[in-house]
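Chemist: Below: one structure in structure tokens.
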Amino acid sequence: MTVMTVLRPGPLTVFKDAGRPGHAHQGVPPSGAVDRGAYRRANALVGNPPGAAILECTLGGLRVTFDGPVLAVLTGTDAVLTVDGRPGDVEQVVLVPAGAVVAVSQPRQGLRSYFAVRGGFDVPLVLGSRSKDRLAGIGPALGSSVRLLPPDQSDLPLSVHAGLPGDVTLEVDLGPRDDWFTAAAVQTLFSAAYVASPASDSVGLRLEGPALERARTDELPSEGVVRGAVQIPPSGQPIVFQADHPVTGGYPVVAVLTPAAADLAAQVRPGARVRFRRARLVD
Amino acid sequence: MTRFLRCGREAVLAEVDDLDAALALYAALREASLPGVVDLVPAARTVLIRLDPSVTSPREIRVAVSALSVGSADPRQGAVVEIPVVYDGPDLADVAGHLGISPADVIARHTGAAWTVAFGGFAPGFGYLTGGDFDVPRRTSPRTRIPAGSVGLAGRFSGVYPHDSPGGWQLIGSTSATMWDLDRAEPALLVPGARVIFKAVPA
């Protein structure tokens with residue numbers, strides 16, 4: 001069985017997969033990859049089944065080596081894999097020889113890169129998922145060595161590389177609590193440029209900009225929230241919930257990102273400008 | 001009457017009048033196991049229904065939920081969980097003072113109540129318990145670390161901290177019961193609908 005040795009984990013590298021649905025009644029968040037599109041692309045590019053575990057690397061820095069040859073890919077940002085110092089192309093599948101040092105470079109655009117190897121990582125399932133949930137403290141930790149699962153025999157598809165966001169416009173559907181805000185506040189949401197705060201993480205993308213004024217000032221009883229929810233705390237500064245969001249929130253959610261916009265939000269770096277646009281309504 | 005609120009493309013937020021109605025709707029949804037529903041989050045007057053958009057849609061869920069018969073069954077039919085408590089919490093005297101009763105009366109009131117887990121959400125394994133005759137404010141200054149097993153009161157709720165965590169609840173005691181254990185089939189000891197009896201035990 002091939003084993004990966006972690007030489008350096010980088011600033012924030014965690015196991016992620018499709019997430020941990022079905023346990024909300026026990027207070028367990030869904031978690032999973034913050035950029036679901038990039039996560040799925042990484043697995044598809046190395047021929048893994050959907051749901052295989054990958055490593056989510058925030059701001060690069062990961063260095064690993066394998067005791068056998070593996071196919072590997074990095075998606076999500078413009079960071080690349082270097083093999084013994086030789087850089088590959090963005091989202092290019094590379095064949096890594098046994099003993100070679102693979103490193104994830106620093107992205108210049110985007111934030112979270114997804115490192116997949118053919119077969120996937122053999123780490124324990126916790127409540128049906130291999131995702132590390134930083135908020136709930138559930139899921140496998142990245143140790144110094146990790147076994148790989150044997151690959152299945154599917155063919156490898158061709159690389160398709162999506163565009164990367166710098167400044168972004170995020171499409172949202174209003175609700176569930178847009179009626180808790182003034183009409184002017186909703187207009188502000190769709191006209192203002194917000195700036196991504198350095199306090200952002202996989203729980204929430206925190207934005208700074210014009211405050212959104214409430215039409216109702218009573219306290220909202222806590223209610224379930226979703227990935228992509230745009231929650232407005234008393235400061236009026238929006239927080240966009242990401243994959244590791246809590247199960248419930250106590251402040252009104254003015255709008256919810258479309259799933260594609262939630263993937264875009266995962267790659268927004270501190271300092272980037274964020275705008276919101278109303279998505280075409282589907283039902 | 002269930003009101004449906006738009007909540008993105010992968011969920012529906014169903015709003016009802018009060019906690020009892022939310023628990024009844026939650027029980028009916030669990031019973032129904034609607035295709036494409038991947039998670040349910042009951043709360044004080046809502047149930048969030050998370051769905052798999054490759055299987056169903058918010059519109060289909062709204063139609064299916066409208067057709068459910070809700071409220072025929074008592075939602076409070078969960079298992080009874082007995083939790084042993086040593087009532088020596090640092091806020092016991094403050095709680096007694098706030099309520100104008102003695103610490104012994106606080107303990108009698110807490111052990112005498114038929115508590116029900118209304119909903120979770122604060123942390124894995126945490127349950128908001130209702131059914132007691134309490135209404136106490138949170139501490140003005142939250143503690144930075146509360147040990148796992150601490151039994152607290154806040155507003156009309158009681159609860160047991162499943163993990164060491166920060167928190168602002170008034171602590172009246174502690175339990176040796178393991179509230180969260182990933183090696184159990186159901187890691188959370190308290191899940192919505194469970195009934196809870198607290199029992200005073202010596203330190």
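Chemist: For the range B:1-55, name all the residues that are of a type in the set (Gly, Ala, Ser) and more than 7 Å from every other protein chain (Cβ to nearest Cβ).
Modeler: B:14, B:21, B:22, B:24, B:27, B:28, B:32, B:33, B:36, B:54
Chemist: If we keep just the residues of the range A:194-220 that are acidic (Asp, Glu) and modelled with pLDDT under 90, which is farthest from residue A:245 (Cα to Cα)?
Modeler: Across the range A:194-220, the extreme among qualifying residues is A:218.
Chemist: Report whether or not residue B:32 is small (Gly, Ala, Ser), within 24 Å of the chain's Cα centre (by Cα) and either closer than 22 Å to residue B:16 by Cα or assigned by TED's automatic domain parsing to the domain that holds residue B:166 (or both).
Modeler: Here the answer is yes, as residue B:32 does meet what is asked.
Chemist: For residues in the range B:91-106 being touching a residue at least 60 places away in the same chain (Cβ under 8 Å) and touching a helix residue (DSSP H, G or I) at 6+ places or on another chain (Cβ under 8 Å), which is nearest to residue B:193 (Cα to Cα)?
Modeler: So the residue we want is B:106.
Chemist: I'd like to check something: does the range B:22-31 contain any residue that is part of a loop (DSSP other than H, G, I, E, B) and either of a type in the set (A, V, I, L, M) or crowded, with 19+ Cβ neighbours inside 10 Å (or both)?
Modeler: No, that holds for no residue.
Chemist: Are any of the residues in the range A:252-260 under 18 Å from the mean Cα position of the chain (by Cα), buried (at least 24 other Cβ atoms within 10 Å of the Cβ), at the interface with another protein chain (Cβ under 8 Å from one of its Cβ atoms) and modelled with pLDDT of 95 or more?
Modeler: Yes, that holds for at least one residue.
Chemist: Being assigned by TED's automatic domain parsing to the domain that holds residue B:93 and in contact with a Phe, Trp or Tyr (Cβ under 6 Å, 6 or more places away or on another chain) is the requirement here; does residue B:134 meet it?
Modeler: no
Chemist: Restricting attention to the range A:219-237, which residues are within 14 Å of chain B (Cβ to nearest Cβ) and either touching a helix residue (DSSP H, G or I) at 6+ places or on another chain (Cβ under 6 Å) or of a type outside the set (Ser, Thr, Tyr) (or both)?
Modeler: Answer for the range A:219-237, where residues must be within 14 Å of chain B (Cβ to nearest Cβ) and either touching a helix residue (DSSP H, G or I) at 6+ places or on another chain (Cβ under 6 Å) or of a type outside the set (Ser, Thr, Tyr) (or both): A:219, A:220, A:221, A:223, A:224, A:225, A:226, A:227, A:228, A:229, A:230, A:231.
Chemist: Also: Working only within the range B:160-172, note down all residues that are assigned to a strand (DSSP E or B), more than 11 Å from chain A (Cβ to nearest Cβ) and not aliphatic (A, V, I, L, M).
Modeler: B:166, B:167, B:170 - these are the residues of the range B:160-172 that are assigned to a strand (DSSP E or B), more than 11 Å from chain A (Cβ to nearest Cβ) and not aliphatic (A, V, I, L, M).
Chemist: Looking only at the range A:265-283, filter to residues that are within 14 Å of chain B (Cβ to nearest Cβ) and small (Gly, Ala, Ser); which one of those is surrounded by the fewest Cβ atoms within 10 Å (Cβ to Cβ)?
Modeler: A:279
Chemist: Also, I was wondering about something else. So is residue A:92 farther than 19 Å from residue A:122 by Cβ and either within 14 Å of another protein chain (Cβ to nearest Cβ) or free of Cβ contacts under 8 Å to residues at least 40 places away in the same chain (or both) or not?
Modeler: no
Chemist: Let me ask something additional. Across the range B:131-154, what is the number of residues that are closer than 17 Å to residue A:250 by Cβ and within 13 Å of the chain's Cα centre (by Cα)?
Modeler: Within the range B:131-154, residues that are closer than 17 Å to residue A:250 by Cβ and within 13 Å of the chain's Cα centre (by Cα) number 1.
Chemist: While we're looking at this one, here's another question. Kindly indicate whether any position in the range B:173-184 is surrounded by fewer than 22 Cβ atoms within 10 Å (Cβ to Cβ), within 14 Å of chain A (Cβ to nearest Cβ) and at positive phi.
Modeler: The answer is no, given that none of the residues of the range B:173-184 is surrounded by fewer than 22 Cβ atoms within 10 Å (Cβ to Cβ), within 14 Å of chain A (Cβ to nearest Cβ) and at positive phi.
Chemist: Restricting the first residue to the range A:134-153 and requiring it to be more than 14 Å from chain B (Cβ to nearest Cβ), which pairs with a second residue that is surrounded by 12 or more Cβ atoms within 10 Å (Cβ to Cβ) and of a type in the set (Lys, Arg) meet a Cβ separation below 9 Å and a spacing of at least six or different chains?
Modeler: Going by the 9 Å Cβ cut-off, the qualifying pairs are A:142/A:132; A:148/A:118; A:151/A:118.
Chemist: Okay, next question. For residues in the range A:211-251 being in a strand (DSSP E or B) and of a type in the set (S, T, N, Q), which is surrounded by the fewest Cβ atoms within 10 Å (Cβ to Cβ)?
Modeler: My answer is A:231.
The values are calculated or read from the model by the stated rules, or taken from the named source; none is laboratory data. Given the structure is predicted, the values throughout are model-derived calculations rather than measurements. Here Cβ is always computed from backbone atoms with ideal geometry, including for glycine, and neighbour counts include all displayed protein chains.
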